Amino acid sequence: MSDVIVAPETRDLDELATRLAGWLGTRMPQASDIAIANLAYPRGAGQSHETILFDAHWREAGRDHAQGCVLRIKPRSFTVFPDNLFDEQYQIMKVLSDGGYVRVARPLWFEEDASLLGNPFFVMEKKQGRVPVSVPPYAREGWLRDAAPEQRRVLWRNAVGQLAAIQKVPLGECAFLKGPDGAEQGLEQEWEKYTRFAAWLQETETLPVLDEALARLKALWPKNRPEGLVWGDARIGNMMFDENFDVVAVMDWEQPSLGGALHDLAWFCVLADTMHGPQSTYGAPLEGMGSRDETVDLWEEITGKSAADLGWYEDFAQFKMTCTGIRLGHLRGAPMMDEAAMRTRLKVE
């Protein structure tokens, strides 16, 4: 397997260990002999935030303690999205963890002071498991590709189960995710968010195809707009699984909203099709992974919500992914997708 680090920024890990040990002393005043070990960047993940794994060891009340941790630092120059939702990312994970609604890593500490690491950061528990990473693509090589079809079937069902569980979260506990006036929640919130994203991209380069795609989507505005929490990057590549192919953690909550129940399902279906389904660019589909129809049926069964008009949300997901791809290309100095290909993807003549 390729041994690739994907990270927006990197730093001296020995120096970081010293800084973290001192900082943890302020968070755990009863602890002594604090030591930080095994610092590492995740392999094949972490494209928008600097994310670092480490283990903390200390003594407290006459006993030795250890905690696996994940450090996530607010982006500085490498900003993929126009919205700053770093605080909200920590808050929604705390809601999900405290309520037991969705399997997430337990948030441990949040630090607002940017003087220590150059920007605010938070620390969460480190879960143990395997992730179907994007680099290299899990459909081309790796443990999921090597798994038996019946094991993949278990993974798919468990993944959709957690995707659906997000729609059981009481929205009253997530009021901090409300959008601006006139777009506080529902489809209007996601729409306002991504129309601003498109405008942000065009501050330096005019891209008429984005405006045309928005006009097309607006003209076909869906009737079915169920309320619900938005994860924001719903895919199995953002889930960790144990040896039994059960979900250990649902990760990367950097773009949450109250935008409605169907956005995540649409995003999940589009990426599943691209990564391991009929439209996969990485070879034959992975046998055992549920089809789009099976995914929709299971999601509806668990959530009790209708997936009517899902096709519109899938088209909107393609628009969101296009905006994100353009921004990542700008940040990395990579060439942008050919306009003809973009128009085909966004169904714009």
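Take Asp246 and tell me if it is in contact with a helix residue (DSSP H, G or I) (Cβ under 8 Å, 6 or more places away or on another chain), at pLDDT 95 or above and assigned by TED's automatic domain parsing to the domain that holds Thr195. Judged against the criteria, Asp246 is a match. The set of residues in region 276-295 being closer than 17 Å to Asp315 by Cα and either of a type in the set (Asp, Glu) or buried (at least 23 other Cβ atoms within 10 Å of the Cβ) (or both) consists of Asp293 alone.
Taken over region 79-121, the criterion of being modelled with pLDDT of 95 or more and of a type in the set (D, E, K, R) is satisfied by Asp87, Glu88, Lys94, Asp98, Arg103, Arg106, Glu111, Glu112, Asp113. Only residues that are within 30 Å of Thr303 (Cβ to Cβ) and in contact with a Lys or Arg (Cβ under 9 Å, 6 or more places away or on another chain) were counted across region 196-216, and they come to 3. Checked against the criterion of being at pLDDT 95 or above and under 28 Å from Ala198 (Cα atoms), the candidates Thr322, Thr274 yield just one match: Thr322.
Note on region 213-230: residues that are hydrophobic (A, V, I, L, M, F, W, C) and exposed (fewer than 15 other Cβ atoms within 10 Å of the Cβ) amount to 4.
Within region 183-200, one or more residues are part of a loop (DSSP other than H, G, I, E, B), under 21 Å from Ala308 (Cβ atoms) and at pLDDT 95 or above. The residues on offer are Arg76, Arg63, and the sole one that is at pLDDT below 95, more than 17 Å from Met239 (Cα to Cα) and not aliphatic (A, V, I, L, M) is Arg76. Say whether the condition of being of a type in the set (Phe, Trp, Tyr), in a helix (DSSP H, G or I) and in contact (Cβ under 8 Å) with a residue 12 or more places away in the chain is met by at least one residue in region 217-239. No, the conditions are met nowhere in region 217-239. The helices (runs of 4 or more DSSP H) falling completely within region 68-173 that include 2 or more residues that are surrounded by 20 or more Cβ atoms within 10 Å (Cβ to Cβ) and under 19 Å from the mean Cα position of the chain (by Cα) map to 86-99, 149-165. Hey, among the residues in region 303-320 that are surrounded by fewer than 16 Cβ atoms within 10 Å (Cβ to Cβ) and of a type outside the set (S, T, N, Q), which one's nearest to Met342 (Cα to Cα)? The selected residue is Gly311.
The set of residues in region 164-187 being within 10 Å of Leu258 (Cβ to Cβ) and charged (D, E, K, R) consists of Lys178, Glu184.
The values are calculated or read from the model by the stated rules, or taken from the named source; none is laboratory data. Remember, it's a predicted structure, so these values are computed and weren't measured experimentally. Neighbour counts run over all protein chains shown; Cβ positions are idealised from the backbone, glycine included.
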